[in-house]
Every structure is written in structure tokens, then in C-alpha cells.
């Protein structure tokens, strides 16, 4: 049956080269790919800002975009902004390789905020409490404090810097760091830069953590336990409630989570892994990025004014790094506000996650019912990942990710990864599920 055209879906179309990107509030941004359902997620799409009074009209480049290499092993050239669909080699693909979980990278209000701030303030942002505060940073801090329900969120130049900044800020409050062996590289680099003693514990293993604490933590020493909240390849969650139990006997124990893939996604309010598990505590910390669910760039550390003071005093990585340009910061502030006021985005994303996980489990694939929008089919499925990914790309116009290894926490034997977004519609989700041919499953048995 033919799909019914939903009148509440706002499409942002391509513009021919040389035509205005913004024109009297009546033209859409070039090559926008957002698809927003007002009835599903409560998004109100306002007319784009009139920038004629601020600067000359911006025009699309007249030169043709880069095209894909003739080398079949070369990575594809993505010729449109990342969204539910992308253009590669002039063809449209359902895009399940991204990590813009709420789809805010294409939201018209976010793009408008970026354009306004760029035209008003330029590309360089100077913000330091001793020199002068930037209006875009102050607005970002207000939005981040509201989203995370915290006193003093800190904006970083990158999410990767979070590991080093937190290690420096907490350095006087712990003696030994215990790190999940599959934690993100920023964790290891950050602790190494701080010069602290670091001991790994088995992946997502509370009993393994308890064992190394009992053997490697000296009398009166204080532990810091560090882990990803959501692991970026498998989508597995850290068993934080179990870690809390393990840490109870240790006075002064700290727990810190890299919530890069959890912020905006997990928990009733999208505040991350601890929010998902309903856990709070003065000695519990997290940090993350603006580049995943919030669709922008930069890092974020929600916390107290006391923690911010520590960061400013103790972290050279924070003091010595320039923040993102004004347009990016302003866009981040607007994205935080949208994520806070439109929980329907998370609801829609969660429904997609549940649908895909349930469907793949019914086909016999070994998946849990976790909430992460990263869905990883590992070698236990006995599927031919490379041939499936190629068939989906070549024949179905569906882009998924085959990870043979060599990055992060890729499981032994490789995996096939799908990442979901609130911008995907039901038809795309069904296409993804239906694209697994019976022969794929039969060949694995």
C-alpha cells in the first residue's frame, strides 16, 4: 500500500548552486535534510531569519561538490548534510551510520541560531572569566543548566577534552583510577595526562571491579571508577547500579561516566546514564559532547559552581583550549532548549529502538532490549557482515556500518552496527528491518 503523505512533515530541499541560502526569511538553508513531524514530536518550524539587514545574502557555492573516488576501497563522499537520508554519489540513502540521535543538526531553529551568531560575532570566540564573557557562552550556560538541572555547566572546546579536564579537576580527591578496559580513548589519554595510577577492570563486570579494588587499592586510598555510559560500538550500558554497590565500602569513592552517547538520549529528561538508572550523588560525575544527540560540537560537563571552580583552577586543558566558534555555541544552546522542551523526540527515538531490537531478536539475532540507539549485531549471529552491508548499500539504498575491528570496543569477530535517529520515519525503520533477506539468516544457521 502506498505511503500516505503526512502534511505535517517539513522537507528542506536542495538549492541550485548560486542561489540564496537565506532570502527574506522565505528560503530554506541549502541542502537541509530534516524531516520533522509536528504531530509526533511537537516541533514548530518558524520562518527562517531575515539576515538582509545584517549582512549580504549568503549564496550556495557555484563550484560542483567533490565526487566519490573511482577507487572502490575509498570511503564514500557524503554530498549532503547528515540526516535520516543522505546523498552519496548522487543517490539517496537511508542513513543508519550517524550519531545525531535527536536529529537536531538539521533543525531550522538550530541552523538559524548558528547563522545569526556567526553574522553578528564572526568566527572567533574569546571567553574567559578574567578577560570577558561572551554572550553566546552565557546563553549556552543558561540552556545547559536548565537541561541538566545543574548549577554551573562548563563548555569545553571538544568532548574529547572531557577526560583530561575531569581527571585534573578531581585529581586531589582520588588516589587510584579504575577504568573499564573498553572505555573510550579520551578516558585513557586524560588520566595519562594527569599522571595518576590507572588500573583496568574487565568490561562491564562489577565482580571484576570488586576484585581489582580489593587487590590494588591500598589502605585509606580513594578510588575513582571511570566508564563509558553507553559504549559507542555495542550500545551496551555500564551497569552503574552494580558499581554503586561495589563502591559502598570505600570512603570517598568517586564514579565518573563518559556520557557522550547518553546525553540527550537516556533517562526521563535525557540527562544521561545516571538519569536512566535514577541515581544521584555528590560524588558522582559525568561529561559528554554536544556533537551527538545535540547535533553540534564541543564538550559539556554538568555540575556545581564548586566543580566549575576546580576546572578553572586545575585544568590546563580547559584553560588552554579555545572554545567552538560563536555560531556553533549558539546552535548548541538552541539545541539544548529544543531537547529540553520537546521530549517527544526522545519518545520517538525510543520507539524506533524498541521496534528494531524486537524485530531483529525475532529473527534469532542475539540482542538485548536495551535503550541505546546503537544496535550492534555481533559474531554470535554468524552473519556475513561484509556482504550484508554491501548488499544493503548497493541494492536497497540503506547505509549501515560494518565494523571488522580496529576501533573502540568492536566485539571479537566484528559486527554490524545500525544507529537510529528521531528523524527516521516509520517507513525507513520498516525498510531496514525488511532488508534482512531470509537468505541472510539461513546462511548463518
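The values are calculated or read from the model by the stated rules, or taken from the named source; none is laboratory data. Quick caveat: nothing in here was measured; it's all calculated off a predicted structure. Note that we place each Cβ from the backbone using ideal geometry, even for glycine, and neighbour counts take in every protein chain shown.
Couple of notes before you dig in:
- Checking the stated criteria, residue 226 turns out to be touching a residue at least 24 places away in the same chain (Cβ under 8 Å), part of a strand (DSSP E or B) and on the phi < 0 side of the Ramachandran plot.
- Looking across segment 353-366, the residues that are over 13 Å from residue 235 (Cβ atoms) and touching a residue at least 40 places away in the same chain (Cβ under 8 Å) come down to 355, 359, 363, 364.
- So residue 421, is it within 25 Å of residue 272 (Cβ to Cβ) and buried (at least 20 other Cβ atoms within 10 Å of the Cβ): yes
- Condition met for residue 231 (closer than 30 Å to residue 422 by Cβ, assigned by TED's automatic domain parsing to the domain that holds residue 162 and buried (at least 23 other Cβ atoms within 10 Å of the Cβ)): yes
- Among residues of segment 61-97, those that are part of a loop (DSSP other than H, G, I, E, B) and at pLDDT 85 or above, counted: 11
- Meets criteria (surrounded by fewer than 23 Cβ atoms within 10 Å (Cβ to Cβ) and in contact (Cβ under 8 Å) with a residue 12 or more places away in the chain) for residue 259: no
- Residues of segment 369-405 that turn out to be touching a residue at least 60 places away in the same chain (Cβ under 8 Å) and under 27 Å from residue 264 (Cβ atoms), as a count: 13
- Residue within segment 247-255 that is under 21 Å from residue 418 (Cα atoms) and either touching a residue at least 12 places away in the same chain (Cβ under 8 Å) or assigned to a loop (DSSP other than H, G, I, E, B) (or both) present: no
- No other residue among 159, 208 is assigned by TED's automatic domain parsing to the domain that holds residue 289 and within 27 Å of the chain's Cα centre (by Cα) apart from 159.
- Yes/no for residue 357 being modelled with pLDDT of 95 or more and over 16 Å from the mean Cα position of the chain (by Cα): yes
- Residue within segment 207-215 that is in contact with a strand residue (DSSP E or B) (Cβ under 9 Å, 6 or more places away or on another chain), part of a loop (DSSP other than H, G, I, E, B), more than 27 Å from residue 110 (Cα to Cα) and without any contact (Cβ under 8 Å) to a residue 40 or more places away in the chain present: no
- In segment 311-388, counting only helices (runs of 4 or more DSSP H) that sit wholly within it, the ones holding 2 or more residues that are in the same structural domain as residue 157 (by TED's automatic domain parsing), closer than 19 Å to residue 259 by Cβ and touching a strand residue (DSSP E or B) at 6+ places or on another chain (Cβ under 9 Å) span 316-319, 326-341.
- All conditions in (1) farther than 28 Å from residue 265 by Cβ; (2) at pLDDT 95 or above; (3) out of contact with any helix residue (DSSP H, G or I) (no Cβ under 8 Å at 6 or more places or on another chain) hold for residue 219, with the sole exception of (2).
- Note on segment 149-175: residues that are buried (at least 18 other Cβ atoms within 10 Å of the Cβ) and without any contact (Cβ under 8 Å) to a residue 60 or more places away in the chain amount to 1.
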